[in-house]
Amino acid sequence: MNRALSHRQPSRARNAIVVTLAVIAAVVTPTTVASAQLGGLVKKARDKVVEQQVEKQVEKRTGGSTSASADVPPKFDDVTLELTTERVEGVIRGLTAGRAVLDGARGGPSRAALVARRDEAATKSADLSSQNAKLLNTFTNNRDEDRRCRIKARDISREKRQEETDKRTKEYQQKAMADPAFREKAMAVAQKMAGAQQRGDTAEIRRLGAELGLNVEDGEKADSIAGVKACGPVPAEPAVLVQIKQLDKQASDLTEEIRQLEEKSAATEVKESGLNERQFHMARERIEAYLSAMKYKSKPGAFSPAEIEALNARRADLEKVM
């Protein structure tokens with residue numbers, strides 16, 4: 001009879017007839033910590049440090065140099081395209097279209113408006129947390145103590161159920177050994193209960209247990225009742241904590257909305273430029289290096305004469321959109 005269920009029970013020995021239901025309830029309610037530091041992406045600063053970083057990237061990918069080999073023309077390929085007048089125009093067109101998306105010109109709120117709303121929610125959350133620090137700390141301590149109490153009560157409840165199961169196991173094993181008819185019935189029921197357990201059909205498990213005069217206990221419910229008896233009701237969250245969680249969710253949702261808008265803007269830039277993604281980003285990177293050189297009155301490196309001419313012609317427009 002024991003072999004009928006042994007292959008389905010990986011833990012300690014269990015009743016060959018009764019399938020004990022025990023669902024471990026994880027009581028984890030992490031405290032939401034508000035944060036006002038949810039700053040978004042900012043426009044790349046064109047200071048000397050950034051200039052040097054961009055120049056290194058361009059030099060690595062184009063074979064150019066901004067110092068000793070400034071007159072060496074770049075190595076053009078399927079990623080590093082020559083910045084012709086048409087391609088410079090395409091980059092300007094793409095950046096202009098991308099900025100329009102961020103400005104909300106194509107429907108929906110602008111990125112600036114979303115950032116303002118996000119930061120406002122984060123600031124309110126942080127202020128509420130600061131103003132109610134003592135109350136929130138007290139609740140956190142009470143909640144943690146309640147959690148420890150319920151875990152202890154749960155463990156005691158489970159140990160008690162296991163002891164009762166072990167006791168019933170021995171009783172029914174003895175009865176099965178002495179009563180062939182009962183043994184056959186018990187084996188048939190055990191097989192059906194194993195199938196019901198596989199399907200997760202707890203109602204069928206209880207029904208089958210009742211056929212043998214057994215009460216298959218709902219372990220989760222028993223643990224919950226034991227927790228209430230030992231620990232009382234679960235501490236209620238302060239209203240201010242509920243408000244803080246709502247503000248944090250609002251800030252998180254707005255952050256995601258900002259991210260999606262930025263992705264839409266980036267995709268629009270590439271689409272409208274007429275270049276593929278890698279070509280566009282390389283062209284933009286090289287244009288940034290050119291503008292940095294112009295800003296600091298240094299000689300641009302790794303640009304062909306035709307590129308310098310095309311970039312000089314649209315320099316003012318490029319400075320507006322970059």
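The values are calculated or read from the model by the stated rules, or taken from the named source; none is laboratory data. Just so we're clear, the structure is a prediction, and the values are computed from it rather than from any experiment. Please note: Cβ atoms are built from the backbone with ideal geometry, for glycine as well, and neighbour counts cover all protein chains shown.
Consider ARG278 carefully, then state whether it is assigned by TED's automatic domain parsing to the domain that holds LYS75 and more than 33 Å from the chain's Cα centre (by Cα).
no
Residue by residue through the range 262-290, note down the ones that are in a helix (DSSP H, G or I), crowded, with 19+ Cβ neighbours inside 10 Å and not charged (D, E, K, R).
Those that are in a helix (DSSP H, G or I), crowded, with 19+ Cβ neighbours inside 10 Å and not charged (D, E, K, R): SER265, THR268, VAL270, SER273, GLN279, PHE280, MET282, ALA283, ILE287, ALA289, TYR290.
Condition check: small (Gly, Ala, Ser) and either within 30 Å of ALA121 (Cβ to Cβ) or assigned by TED's automatic domain parsing to the domain that holds THR165 (or both). Does ALA310 satisfy that? Spell out the reasoning first.
Numbers: small (Gly, Ala, Ser): yes; either within 30 Å of ALA121 (Cβ to Cβ) or assigned by TED's automatic domain parsing to the domain that holds THR165 (or both): no.
So ALA310 fails the test.
Can you pull out every residue in the range 275-322 that is of a type outside the set (S, T, N, Q), in contact (Cβ under 8 Å) with a residue 40 or more places away in the chain and over 21 Å from LYS75 (Cα atoms)?
Within the range 275-322, LYS295, TYR296, ALA313, ARG314, ASP317, LEU318, VAL321, MET322 meet the criteria.
Please work out which residue is farthest from the chain's Cα centre (by Cα), limiting yourself to the range 119-161 and to residues that are under 30 Å from ALA222 (Cα atoms) and free of Cβ contacts under 8 Å to residues at least 24 places away in the same chain. Talk me through it step by step, then tell me what you get.
Just the residues of the range 119-161 that are under 30 Å from ALA222 (Cα atoms), to begin with: 138-161.
Cutting the leftovers down to free of Cβ contacts under 8 Å to residues at least 24 places away in the same chain gives us 138, 141, 144-145, 148, 155, 159-160.
Working: THR138: 29, ASN141: 27, ASP144: 25, GLU145: 29, ARG148: 28, ASP155: 32, GLU159: 37, LYS160: 39 Å.
Among them, the one singled out is LYS160.
Among the residues of the range 114-165 satisfying the criterion of being closer than 30 Å to ARG259 by Cβ and of a type in the set (A, V, I, L, M), which is surrounded by the fewest Cβ atoms within 10 Å (Cβ to Cβ)?
Taking the candidates together, the pick is ALA116.
If I ask for residues that are β-branched (Val, Ile, Thr) and under 30 Å from ALA153 (Cβ atoms), which ones from the range 232-284 would you list? Walk me through how you get there before you give the answer.
Keep residues of the range 232-284 that are β-branched (Val, Ile, Thr), which gives 234, 240, 242, 244, 255, 258, 268, 270.
The answer is VAL234, VAL240, VAL242, ILE244.
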